[in-house]
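Okay, structure first, notes after.
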Amino acid sequence: MTESAQVPSGGPRRRGVTACTYRVLPFLVTAALLTGCTAVAADSTGTGATGSSASTGTAAVAIDESTTAAEVLAANQQTHDDAADAEWDDADVVSIELAGDTASVAGSADSGSDSDAVTVSGSTVTITAAGTYELSGTLDDGQIVVASAGEGTVRLILNGVEISNSTGAALVVTEADEAMIVLADGSSNALTDTDAYAEDADANAALYSAADLTITGTGALEVTGNGNDGISSTDGLVIDSGTITVTAVDDGIRGKDYLVLTGGTVTVTAGGDGLKSDNDEDVTRGYIALTGGTVDVTAAGDGMQAVTDVVLAGADVTVESGGGHTAQVTDDVSSKGVKSGVVTVIDGGTLVVDAADDALHSDGTVRVAAGEVSLATGDDGVHADTAVDVIGGTLTVTASYEGLESPAISIGGGTVSVTASDDGLNASSGSTTTETGAAAQGGGGGMDSDGGETITITGGTTVIDADGDGFDSNGSATMSGGTLVVNGPTNSGNGALDVNGTFTVSGGTLLAAGSAGMAVSPDTASEQTFVAIALDSSQAAGTVVQLVDGAGAVVMAFDSVKEFQSVVFSSDELVAGETYSVYVGGTASGEAATGTMGGGGAGGGGPR
C-alpha cells in the first residue's frame, strides 16, 4: 500500500547504513506512478485517509536574475574617487604646524598651494584654495576649515594630528570642488568635536564635509563624535585605505549621496546607525558599497542603512545592531543589521550579522550570489518586501524567529542553512492567515487559499531546522533541482511542509520530517515520484529511518535530530511502481548529509 510521510529533523546519511535491531513497520511503501504518490496518513494497522489538493498559485514578484553587484553599481551615480587625486609633488606641499591654541604655516612661494591660501585666526585654521597641505601637531579647542571656491582638490595630509573643538566640528569642509584626507604612513591622528550642536547647525560631525570627500593613506585616524555624527559628507564619501576608528553618539559614518569602502580597516561604534547613506531625492544615489577592506560595526540603530542599495562585494564585514539577537528593542527603534530601500546584493566577501531586528532587510529585494554570510537575529534572518534570491555563496542563519521571509523566495545555488524558532522559509506578503483545520494530507497544501506567494528551488543545498513550519508558502511552491532537507516542528500545529497552493516536485532531492498533525506532501501531479510516511507513533530524536528497495539497497537513510512522526522523501532514485520497505531504529554510518542522499547496500539492513 502507499504511505504518507513526514519526519523530524536530522541530516540524511549517504550510503553505508548498518542495520541494528531494526523494527519493521507493519507496511510497505510503494512508489507511485510518474504522477506522484498520493499522501495517506497511516496508523499502526496501515489504514488511513486521503487528503485533497490545493489551488494553483502564481508568482507575484520575481528578482531580476541579472542583478549583480557590478550592474547595481553601474546603474548608480559614479563615485568621484580618482587615483590621480592621491598623487602630488612634495615640493608643492604647504606645512601647517598646529601648536596648542594657534598654528604656523610654511610653503613654497611658487607652489600650487602657497601659504597665502592659509589663514590662522586664534585656534582656527582656514584653507581657501586647492592644493596639498600637511598638518601636524595639536590644536586645542580649535578647528580646521576648508573653504575653497575654486576648482581642484583640497588635499589634507594628516601627519600626527590631534584636534579638539568644544564648540563645533574639529575639521569641516564648507566648500570645495573635492576634498581628500590623506593619513600619512605610520601616523596616528585624532579628531574630537563638541558635545552639543544647535538643531540648525550645518556642520554637525567631528569630521564634516559639504563636498565629495575621500579618505586614503596608510595611517590611522580616530574620530569621536560627541554631539552627533562621527564622519559625515553631504555629498559622496569614499574610504580607500587607512585604519579608521569612529565613535559617535548618533550615526558613525555618513555619505549622503553614497558611502563607498574599497579598502582599509574601519571600526564604528554608534548610538544611531553605523554606516548610512540617505539621499532620498535621486534614485541613483543614497547607496552603500563595500568592495574591499574590513568593517566592524556596533550600532544601537541599524548597522548599515541605505535609502537605495547596499552592495557587498569583497569586504569582510561584521555588524552588531541593537545589542544583538538576544536583545529586546522597542517598536519605535530600527535595529536591523543591513537595511536597503531598493536592493541588497552580496556578491563576495564575508558578512557576519548579530541583530536585534532583521539581519538582512530590504524594502525591495535581497540577492546572495557569492561570499559567506552568517546571520543571527531576533526577528527575520533575511526579509525582503519583494524577493529573496540565493544563487551562490553560503548563507547561514544561526538564530532567528523566521529564517527567510518574502513574497518570492528562490534558491538556485549555493548553500543555505536556517535555524528558526518559527518558520524556516516563509513565502508571505505580510498579511496573516488563520488555519481552519489540519493541512491536506495529499496533493498540496494547507486549508488557506493561495495568496500568490512562491518558493522556487532549482539548485543548491538547503537545510532547515524550524520549530514552526519548516517550508511554508502562503501561495505555491516548486522544486526542480538541488537538495532540500527540512527538520520540521515537533508540535502538531505546524508542519515540515506547509503550502497553501500547489507544491510540485520535478527534480532534486527532498527530505522533510516533522510532526504528523499538519503533514503535507507534494502534489500528485508532480513529475518526480515521492513517498510519504506517517508513523503510528512519534519517534525519538536520534531514531534512524531507512527506505530500502526490493534488492536490499538503501535508497534513503535519515538520522533524526528531533522527535518526529512523519517523513516525505522524493528523489530520482525512486522508481515508480516499485515497493520499498521502511525500517525504523538501528544505526547509520557514513557522511552526514550536506544535502546529497545516496543509495547503497543495506549492510545487513533486511528485517531483523
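The figures follow:
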{"read-out": "Residues D195 and T124, FRET efficiency given R0 of 22 Å [Cβ-Cβ distance, rounded to 0.05]", "value": "0.70"}
{"read-out": "Net +/- balance of residues flanking A513 in space, Cβ distance below 11 Å, scoring K and R +1, D and E -1", "value": "-2"}
{"read-out": "Fully extended contour minus Cα-Cα distance, from S421 to A86, at 0.36 nm per residue", "value": "115.5 nm"}
{"read-out": "Net charge of neighbours whose Cβ lies under 14 Å from the Cβ of T396, counting Lys and Arg as +1 and Asp and Glu as -1", "value": "-3"}
{"read-out": "Region 78-256, relative contact order [Cα under 8 Å, separation at least 6], %", "value": "15"}
{"read-out": "Simple label model, 7 Å out from Cα along Cβ direction - Q78 to A327, nm", "value": "4.0"}
{"read-out": "Estimated FRET transfer efficiency when R0 is 35 angstrom, pair S480-T587 (beta carbons, to 0.05)", "value": "0.55"}
{"read-out": "Gained length - A106 relative to S538, 0.36 nm times residue gap less alpha-carbon distance", "value": "147.1 nm"}
{"read-out": "Rounded to 5, the percent of DSSP beta bridges in region 78-256 classed as antiparallel", "value": "15"}
{"read-out": "Spin-label model distance (nm) - S506 vs D572, 7 Å beyond Cα toward Cβ", "value": "1.4"}
{"read-out": "D282-D141 FRET efficiency (beta carbon distance; Förster radius 41 Å; 0.05 resolution)", "value": "0.60"}
{"read-out": "Relative contact order (%) - criterion: Cα under 8 Å, at least six apart; region: region 195-323", "value": "18"}
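Laboratory data are not the source of any read-out in this text; all were calculated from the coordinates shown. Please read these numbers as outputs of a predicted model, since none were measured by experiment. Note that we place each Cβ from the backbone using ideal geometry, even for glycine, and neighbour counts take in every protein chain shown.
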